[in-house]
Amino acid sequence: MGFKYRVKTKKSSLSGKDYKYYAVPLRSGMIDIVKLAKLLSQRSTLSQADVRATIIGLVELIEEYLQQGYSVQLDDLGIFTVSASSDGFDNAEDCTPSKVHAKKICFRADINLKKNLKFIRFEKEK
């Protein structure tokens, strides 16, 4: 079974009049911690509860270290970082900690994980 997509039209950003056709990926669903824990327990000697507790603990540790300014690297998966920003100021002294805000959590996939993208096969939605 392949990764399904559908074809959508979009206006050209240059002329605003022409339309182009683009592939838009369709998701097969959502996999949650319960499902992952069940599948991992079937592939290992750990119980489903042990795997779930480990995943929850890992999420908590990642959150803790991101809040402290660390990047978190999970081998063969990727790196999590926090992006931050502020408004622009005329004086450096005006850019105080209260004016800085976290924008989002960024994920950069491991190079080996990205290499596996070439093995994804696509199927057009019927």
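The values are calculated or read from the model by the stated rules, or taken from the named source; none is laboratory data. Owing to the predicted nature of the structure, the values given are computational and were not obtained by experimental measurement. Heads up, the Cβs are rebuilt from the backbone with ideal geometry, glycines too, and the neighbour counts pull from every protein chain shown.
Taken as a whole, the condition of being among the aromatic types (Phe, Trp, Tyr) and exposed (fewer than 10 other Cβ atoms within 10 Å of the Cβ) does not apply to PHE80.
Condition check ((1) at pLDDT below 95; (2) not in a loop (DSSP other than H, G, I, E, B)) across all residues:
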residue: VAL7; (1), (2): yes, yes
residue: TYR21; (1), (2): yes, yes
residue: MET30; (1), (2): yes, no
residue: LEU39; (1), (2): no, yes
residue: LEU61; (1), (2): no, yes
residue: TYR65; (1), (2): no, yes
residue: ASP90; (1), (2): yes, no
residue: CYS106; (1), (2): no, yes
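The residue that is surrounded by the most Cβ atoms within 10 Å (Cβ to Cβ), counting only those in the stretch 41-59 that are charged (D, E, K, R) and in a helix (DSSP H, G or I), is ARG52.
Close Cβ contacts (under 9 Å, 6 or more residues apart or on different chains) running from residues in the stretch 96-117 that are touching a residue at least 12 places away in the same chain (Cβ under 8 Å) and closer than 19 Å to THR81 by Cα to residues that are β-branched (Val, Ile, Thr) and exposed (fewer than 10 other Cβ atoms within 10 Å of the Cβ) are absent. Under the condition of being polar (S, T, N, Q) and closer than 25 Å to GLN67 by Cβ, the residues counted in the stretch 88-105 number 2.
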